[in-house]
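Below: one structure, written as structure tokens.
The values are calculated or read from the model by the stated rules, or taken from the named source; none is laboratory data. None of the values given here were measured: they were computed from a predicted structure. Cβ coordinates were reconstructed from backbone atoms using ideal geometry, including for glycine residues, and neighbour counts include every protein chain displayed. Accessible surface areas use protein heavy atoms only, side chains included; no ligands, DNA or RNA. Shrake-Rupley method; radii C 1.70, N 1.55, O 1.52, S 1.80 Å.
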Amino acid sequence: MEEAHLKIFRGDRDSGAFQDYAVPLHEGMVVLDAIHFVQAHQATDLACRWNCKAGRCGSCSAEVNGKPKLMCMTRMDQFPAGTPITVAPMKAFPVIKDLVCDVSWNYEVNKRIPPFNPRPPEADGTWRMHQFDIDRVQEFRKCIECFLCQDVCHVLRDHDKKDSFAGPRFLVRMASLEMHPLDVTSRTAYIKDQGGIGYCNITKCCTEVCPESIHITDNAIIPLKERVVDDFYDPVRRLVRWLTGQQ
Ligand code: SF4
Ligand code: SF4
Ligand code: FES
């Protein structure tokens, strides 16, 4: 039977190395199947996180041949036969063990975002929204929190700006709130200061890796940047704010 040669990272946040494993190939096999084979037959202590094996839970994120991927959605037959396939944990987050990272920083960022704040209901006790306003934010609700976009973003990955930049996943969430047709909170100051949107230089790497094909830069980040510019850098609005004493 044909075999694939995997180089899997084994270790923790202090030390580690790639180790070689040979795995028999089957039709339709994905990288997560190969990892499970190694776990079952060669390294029962190999740590990896997964849940749905269907691209829905966002748990199995890793770097396959250096590219951020969901292991359960990455077919083995796309790699040239005979060349080793490397599987490593996401680089932007601390490794706990082998392929499992500590992604808890993301949950802390999420908790700090000003929450949904709907306007009061209309006289009949309900709300009305235009379908085109709903359509605009619907895309953002597809996020499965795989954090592949966070992993690839150079601001977090290479510059480790976790203290001052929320990252693309949470700019998407801020966009979903900011553009929600019922929400009345303005988050532009938050997006500019705590969100650190100015760090994003629109490389679009986050959009390229998103397994849900969310147009992160075009539909979330760029419109948020425009709102921040309108609110804080438009000279007329600055003059009005100065004259009225607004922040
Ligand atoms: S477009 Fe912005 S948020 Fe996305 S990867 Fe590039 S710098 Fe990061
Ligand atoms: S925006 Fe896309 S890449 Fe980022 S966490 Fe959500 S699903 Fe994953
Ligand atoms: S195991 Fe759920 S997305 Fe891969």
Legend entry - Top positive-direction residue, dipole computed over segment 29-69 with Cβ charges, set A34, P68, A47: P68
Legend entry - Zone residues, segment 130-144, relative to M73, backbone N less than 12 Å from point 7 Å out along Cα-to-Cβ: 142-144
Inset, instruction - Nearest 5 is fine: what % of DSSP beta bridges in the chain come out antiparallel, could you say? - result: 85
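So how do L177, L243 rank on accessible area, 1.4 Å probe, biggest first, that is with the largest at the start?
On the way: L177 15, L243 120 Å².
Descending order: L243, L177.
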Legend entry - Pair-distance profile P(r), taking every C-alpha pair of segment 184-240, with 5 angstrom steps and integer %: 4, 18, 24, 21, 17, 9, 4, 2, 1
Inset, instruction - Using the structure shown, list the pairs from K7/K91; K7/K111; K7/K97 with a Cα-Cα distance above 27 Å, or answer none. - result: K7/K111
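So what's segment 100-201 giving for Rg/Rh, alpha carbon basis, Kirkwood Rh from the mean inverse pair distance?
1.03
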Inset, instruction - Report, in debye and to the nearest 20, how large the dipole of the chain comes out about its Cα centre when Lys and Arg carry +1 and Asp and Glu carry -1 on their Cβ. - result: 640
Legend entry - Per-q log10 I(q)/I(0), the chain, q = 0.08, 0.10, 0.13 Å⁻¹ (Debye; single scatterer per alpha-carbon; no solvent): -0.39, -0.58, -0.86
Inset, instruction - Return the single residue from A40, A166, A175 with maximal mean-square fluctuation; model: Gaussian network over the chain, springs between Cα atoms under 10 Å. - result: A40
Inset, instruction - Would you tell me the accessible area of L25, worked out with a 1.4 angstrom probe on the heavy atoms of the protein chains, in Å² to the nearest 10? - result: 50
Inset, instruction - Can you tell me how much longer the chain between R241 and S186 gets when fully stretched, taken as 0.36 nm per residue apart minus their C-alpha distance, in nm with one decimal? - result: 18.3 nm
Inset, instruction - First measure r as the distance between the Cβ atoms of T86 and N201, then evaluate 1/(1 + (r/R0)^6) with R0 = 22 Å and state the FRET efficiency to the nearest 0.05. - result: 0.20
Legend entry - Spatial extent of segment 30-165: Rg and Dmax, with the Cα atoms as the point set, Å: 19.4, 68
Inset, instruction - Give, as a single signed number, the net charge of other residues whose beta carbon lies under 10 Å from the beta carbon of Q150, with Lys and Arg counted +1 and Asp and Glu -1. - result: +1
Legend entry - Spin-label pair W127/H154, simplified geometry with 7 Å Cα→Cβ offset, distance in nm: 3.9
Inset, instruction - Would you list which aspartates and glutamates come within 19 Å of K204, measuring only between C-alpha atoms, while excluding same-chain residues fewer than 8 positions from it? - result: E63, E139, E145, D151, D158, D160, E212, D218, E226
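Per the helix-only calculation at 222 nm, which mean residue ellipticity applies to the chain, given -39500 (n - 2.57) for every DSSP H run of n ≥ 4 and division by its residues, nearest 500 deg cm²/dmol? Please list the in-between numbers first.
On the way: 10 runs with 80 residues, N = 247.
About -8500 deg cm²/dmol.
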Legend entry - Relative contact order computed over the chain (Cα-Cα under 8 Å; 6+ residues apart), in percent: 16
